[in-house]
C-alpha cells in the first residue's frame, strides 16, 4: 500500500510546474491569455535580483534537451511576465536593458528603438517599483507590452517576437534559472 501512495505522489509531481520563483518568492498565475505557465526564473545583475519572470506558452510535448529551447522558440504565441523585485529600477532603465539585449538578437535598430519607446512611455504612465508587472505578449512577428495591466503598445516586425523570447531562451539567455526550470519541467 505504501508503494502505491509513493508512486501516485511521484506521478502527480511529473509535469507539475511550480508557480513560485523560489529565490524571490514571487508567485505567478498558472495561466495568462489561455497560455500555461511553463517555467519561472530570475534575472540577476551581479548580486541583485532585478526581476522574477515566468514564461507562458502552449506546453510542449516531452522534448529532448538539445532541442527544447528551439521547440519553445517555434511556439506561435508566448508571454513573458516580469515582476520587478528591485525597487531602484526605472522605466527607462528597464527599456534600456531589454533593448540592449534585443539589439544583439534583432537586425532592425529602428524596431528596437520603437520597442524601447513603448516600454518607456508605458512605464511613465504607471508607478514603477518593486512588484511592477511587465507583460510581453510575443507572436513571431510582434511584441505587445502591458505594464501593470495597462496596454502600452505593440511593435511589429518580421521575427521580433521570436528575437525577444531569445533574450531568455537562446544560448546567451539572461536567466539561467528559467532555462533550468524549463529543462526540469519539459526536457527528457
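Of note:
- In the stretch 72-82, the qualifying residues are those that are touching a residue at least 60 places away in the same chain (Cβ under 8 Å) and not in a loop (DSSP other than H, G, I, E, B), and the one that is farthest from residue 35 (Cα to Cα) is 73.
- Options 136, 69: the member that is in a helix (DSSP H, G or I), under 19 Å from residue 40 (Cα atoms), touching a helix residue (DSSP H, G or I) at 6+ places or on another chain (Cβ under 7 Å) and modelled with pLDDT of 95 or more: 69
- Qualifying positions in the stretch 88-99 - assigned to a helix (DSSP H, G or I), touching a helix residue (DSSP H, G or I) at 6+ places or on another chain (Cβ under 9 Å) and surrounded by fewer than 17 Cβ atoms within 10 Å (Cβ to Cβ): 92, 96
- Within the stretch 139-165, the residues that satisfy the criterion of being buried (at least 22 other Cβ atoms within 10 Å of the Cβ) and either in a loop (DSSP other than H, G, I, E, B) or touching a residue at least 60 places away in the same chain (Cβ under 8 Å) (or both) are 161, 163, 164, 165.
- When the stretch 36-60 is filtered for residues that are assigned to a loop (DSSP other than H, G, I, E, B) and in contact with a strand residue (DSSP E or B) (Cβ under 9 Å, 6 or more places away or on another chain), the ones remaining, listed by number, are 58, 59, 60.
- Residue list for the stretch 100-133, filter: in a helix (DSSP H, G or I), surrounded by fewer than 17 Cβ atoms within 10 Å (Cβ to Cβ) and more than 18 Å from the chain's Cα centre (by Cα): 109, 110, 113, 117, 121, 124
The values are calculated or read from the model by the stated rules, or taken from the named source; none is laboratory data. As the structure is a computational prediction, the values presented were derived from the model and not from experiment. Reconstructed Cβ throughout: ideal geometry from the backbone, glycine too, with neighbour counts over all protein chains shown.
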